[in-house]
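Engineer: Sharing a structure below in structure tokens format, with a few things to ask.
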Amino acid sequence: MTVTAPSRLAAPGASAEWTAEVHREEQALIALADDLRDLYDRSPAATPFQTYEWIKSWWGWYGTRGRLRLATVRCRGGSSRRRRWRRASGTGSPCSSRSPRTRATSPTCSSTRPTPTAPSGTSPGPCWTSADGARSTCGRSAPARRRTWWRRGGRGGRGGRRRRCASNCPLGDSGSETGIDAVLDRLPRRTAGKMRAKLRKIDVRGITAESVPADRVPDAVHALLDLHTRQWRGRPINPEHTRERFRRHLAEAAAGMVRDGRAAVLQYRWDDRLVAGDLVLIGHRHVGAYLYGALPDLRSRVDVSLMMLREDLALARDRHRQSVSLLRGDEPYKLKWRPTPVRNERIILGRTAAATAYAGLARTRAYLSERRRGGPGTPAGPSGSPSPLLHD
């Protein structure tokens with residue numbers, strides 16, 4: 001089912017014709033594939049988790065039948081903003097689906113200016129109590145625009161309260177302009193010298209890195225996850241990484257993203273033996289080290305994180321990206337590189353006591369989840385019957 005709501009809003013200094021649609025049928029993601037790809041290409045602040053290939057695969061494996069809410073906002077025929085919603089289990093109030101990253105996207109476009117209010121039809125509906133915007137990095141992006149809308153009352157002029165659940169997980173950037181040498185220059189002289197000696201040790205052992213072509217990505221992702229599981233054996237591991245649905249989702253999403261130049265799977269071999277694998281996401285400005293796996297005994301022979309960081313920095317340089325992002329998490333192996341931390345925020349909009357309770361629950365769950373895992377991980381999908389979009 002699709003609900004269309006035309007709206008005429010005055011942007012500062014100009015007026016524009018806006019049309020909002022809320023799609024609820026499962027095939028909407030497929031029908032809007034070209035629009036969503038184009039929207040991502042025109043949205044500098046979008047992350048690789050907002051590519052069509054990632055969203056389509058994630059919903060296919062984690063979505064729940066009947067809970068898709070895909071809102072599109074168009075201005076003069078071009079899709080300007082999109083947000084996916086699902087109905088929260090047990091509450092009847094919509095909130096954004098629990099995908100690993102934020103859903104809101106707005107491109108920088110010379111033909112239109114950001115609107116000061118949201119067009120009619122973009123809010124979940126008249127009976128909603130809370131809207132969970134999930135995580136977003138700080139800056140002039142989705143949180144700032146949501147705050148503007150909320151101050152002015154949202155749909156129908158009825159405002160509410162904002163609840164922020166701040167994330168303590170920094171986003172690390174390791175400058176890629178000159179590769180690994182620039183990173184080592186940040187370290188104390190003695191430490192940098194030891195790291196360079198470790199790099200020479202890796203080269204002497206003859207460990208090579210290969211970028212996997214798109215047609216071999218599914219098999220490479222399965223091999224990576226096998227190594228990841230072996231690497232964490234005997235220690236607490238994110239349970240989602242051991243489940244079949246995560247394995248299939250990651251293989252499907254990565255294949256499409258590698259094909260479109262938005263991801264890379266690197267395999268490391270020693271004497272023709274696969275010893276490590278690394279999935280790297282390629283955004284508009286950054287290269288993101290997402291997930292890796294390595295043989296347990298490899299760590300006793302070489303510095304695995306240093307080996308992979310060198311290749312990730314080289315990939316960023318080759319793809320003309322500004323830096324390597326270490327993504328969420330403040331694990332010691334990330335902090336030793338002295339990255340530049342960027343704070344994440346989770347924005348929850350609400351207008352009732354139920355929304356306040358939901359925000360408190362979200363904060364508590366996030367805290368307990370981080371403490372239980374000892375670090376970040378991909379959240380499990382919503383419970384219920386799987387989406388009929390792609391998979392049973």
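The values are calculated or read from the model by the stated rules, or taken from the named source; none is laboratory data. If you're wondering where the values come from, they're calculated on a predicted model, not measured in any experiment. Backbone-built Cβ (ideal geometry, glycine too); neighbour counts: all protein chains shown.
Engineer: Which condition number in (1) touching a Phe, Trp or Tyr at 6+ places or on another chain (Cβ under 9 Å); (2) not assigned by TED's automatic domain parsing to the domain that holds Ala253 is the one that Gly293 fails?
Structural biologist: Single failed check for Gly293: (2).
Engineer: Then there is this: If you take the residues of segment 286-309 that are of a type in the set (Gly, Ala, Ser) and not in a strand (DSSP E or B), which of them is surrounded by the fewest Cβ atoms within 10 Å (Cβ to Cβ)?
Structural biologist: So the residue we want is Ser300.
Engineer: How many of the residues making up segment 313-333 are in contact with a Leu (Cβ under 8 Å, 6 or more places away or on another chain) and either outside the structural domain of His284 (by TED's automatic domain parsing) or under 16 Å from Gln267 (Cα atoms) (or both)?
Structural biologist: Of the residues in that region, 1 qualify.
Engineer: For Gly277, which of the numbered conditions (1) within 17 Å of the chain's Cα centre (by Cα); (2) part of a strand (DSSP E or B) fails to hold?
Structural biologist: (1)
Engineer: Report yes if Ala214 is assigned by TED's automatic domain parsing to the domain that holds Asp318, more than 18 Å from Leu309 (Cα to Cα) and within 17 Å of the chain's Cα centre (by Cα), otherwise no.
Structural biologist: Spelling it out, it is not the case that Ala214 is assigned by TED's automatic domain parsing to the domain that holds Asp318, more than 18 Å from Leu309 (Cα to Cα) and within 17 Å of the chain's Cα centre (by Cα).
Engineer: Another one. When segment 177-192 is examined, which residues are found to be farther than 15 Å from Pro339 by Cβ, at pLDDT below 90 and assigned to a helix (DSSP H, G or I)?
Structural biologist: Within segment 177-192, just Asp181 meets the criteria.
Engineer: Any residue at all in segment 380-391 that's at pLDDT 75 or above, over 19 Å from Pro239 (Cβ atoms), in contact with a strand residue (DSSP E or B) (Cβ under 9 Å, 6 or more places away or on another chain) and surrounded by 21 or more Cβ atoms within 10 Å (Cβ to Cβ)?
Structural biologist: For segment 380-391, residues at pLDDT 75 or above, over 19 Å from Pro239 (Cβ atoms), in contact with a strand residue (DSSP E or B) (Cβ under 9 Å, 6 or more places away or on another chain) and surrounded by 21 or more Cβ atoms within 10 Å (Cβ to Cβ): absent.
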